[in-house]
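The block underneath contains the structure these notes are about, expressed in structure tokens.
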Amino acid sequence: MKALPFFLLGLAAQSTQIVLFREFLSVFAGTELTLALLLGCWLAWVALGGMGGALLAKRMRRPTMAYLLLALVGMLLAPLSVGCIRHLRDLWPTPPGESLPLVALFVAPALLLLPAGGWGWAFALASQFTGSPARVYLVEGLGALVGGSAVSLLLWPWVGPCTLLWWTTGLHGAAAWVLAARRLPRGRRQWGTLGWLMALALATPGWSRWEERQRLRFWEEYLPGFRLRAFVPSPYGDWTVLEREGQHHFYQGSLLHLSLPEPTETASVIHLALLQREAPRRVLILGRVAEGIRAALRHPIEEVEVVEPDGRWLSLLRRYGFEEMQSLLRNPRLRLHRGDHRAFLSREGPPYD
């Protein structure tokens, strides 16, 4: 139990990093420059927080109380940062549908990744009052491993970003409370911990509603006049379906992926590939589901197999793809597979043309 606060420190810090990075990548279209700046700013804040915490920890009479205060600040800053990222267009007014200016990409991460400094400071405090930085680092690393895996692979499709941060940072705060109140009678510590957990549970619906409002406002600012029809979180990138004048627009993050029905169909690179071989019979398409299906089935092919790792994208196509896409998905020549591309290619079977 003594190591639990440091385990939850790693879990909360890693969860915060994943959530904020995904929000930034969605707003700034996920370029390599975005990722480089995010990592640089995060590590810089962690380093500055750790350095400042190490200098101040030696002068503190009750470092555990300072640790608790940092946990409380992290509980508020982490979910609020999500809302701030989604409203960057309020600070940098941009025409609808256009990307934010480059200056926003440099300034916003430097300001809104400030919670990383708190995690660095908390690590320095924990190392100070335990007297074992190596032990704290090991336990925190295990927490980060568990937190990163749980958030990315399990929790993301089912729990909203703000609610997720509220609970991960809140559990760390509860453990920090137990650590800071260890001199109190056991009964008071237990009642305090129970009250803390009840407060987390009671505030959860409020965070969920607030998050929904922020998402709706983001799309109202980004594309005025469009109506939000569906939002589906996915580990591969969140999907949003917008509607305007009878047309559905499918966005992954903030990038347009597909519009249905399309008044005109652009020429697909799938046609170029199929024309390289005379009379192909079996065709395999990895990704590019909507465009690939539509283009390949125009050719006299006996069997088209399409592999798509994100089953939520396929569900959206079936539900909002109108009769055009729904009829293509029901075509007897089509076989859809959900899974990893490399794993599918490693399977034994007849060759493709």
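The values are calculated or read from the model by the stated rules, or taken from the named source; none is laboratory data. Here the structure is a predicted model, which means the values were calculated and not measured. For neighbour counting, all protein chains shown are included, and Cβ atoms are generated from backbone atoms with ideal geometry for every residue, glycine included.
Structure values in brief
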quantity	calculated
Count of segment 25-84 residues which are touching a Leu at 6+ places or on another chain (Cβ under 9 Å), among the β-branched types (Val, Ile, Thr) and in contact (Cβ under 8 Å) with a residue 24 or more places away in the chain	4
Test result for PRO79, within 19 Å of GLN214 (Cα to Cα), in the same structural domain as LEU33 (by TED's automatic domain parsing) and buried (at least 18 other Cβ atoms within 10 Å of the Cβ)	yes
Enumerated helices (runs of 4 or more DSSP H) restricted to segment 58-117, each holding at least 2 residues that are under 17 Å from VAL19 (Cβ atoms) and either charged (D, E, K, R) or modelled with pLDDT of 85 or more (or both)	63-86, 102-112
Test result for GLU291, under 25 Å from LEU25 (Cα atoms) and modelled with pLDDT under 80	yes
Residues of segment 326-341 satisfying the condition of being over 28 Å from LEU228 (Cα atoms) and in a helix (DSSP H, G or I)	HIS341
Candidates PHE129, PHE106, filtered to the one that is in contact (Cβ under 8 Å) with a residue 12 or more places away in the chain, surrounded by fewer than 20 Cβ atoms within 10 Å (Cβ to Cβ) and within 24 Å of LEU55 (Cα to Cα)	PHE129
Complete set of residues in segment 280-298 that are in contact with a strand residue (DSSP E or B) (Cβ under 8 Å, 6 or more places away or on another chain) and not β-branched (Val, Ile, Thr)	ARG281, ARG282, LEU284, LEU286, GLY287, ALA290, GLU291, GLY292, ALA296, LEU297
Failed condition for VAL178, given (1) over 27 Å from TRP210 (Cβ atoms); (2) under 24 Å from the mean Cα position of the chain (by Cα)	(2)
Strands (runs of 3 or more DSSP E) enclosed by segment 206-325 - at least 2 residues per element that are surrounded by 14 or more Cβ atoms within 10 Å (Cβ to Cβ) and among the polar types (S, T, N, Q)	247-252
ARG330 vs. criteria closer than 17 Å to VAL241 by Cα, out of contact with any strand residue (DSSP E or B) (no Cβ under 8 Å at 6 or more places or on another chain) and at pLDDT 80 or above	no
Condition met for ALA267 (closer than 28 Å to GLY30 by Cα and modelled with pLDDT under 80)	yes
Where a residue in segment 305-330 is of a type in the set (Val, Ile, Thr) and its partner, wherever it lies, is modelled with pLDDT of 80 or more, with Cβ under 6 Å and at least six apart	VAL306/ILE285; VAL306/LEU336; VAL307/LEU286; VAL307/HIS337; VAL307/HIS341; VAL307/PHE344
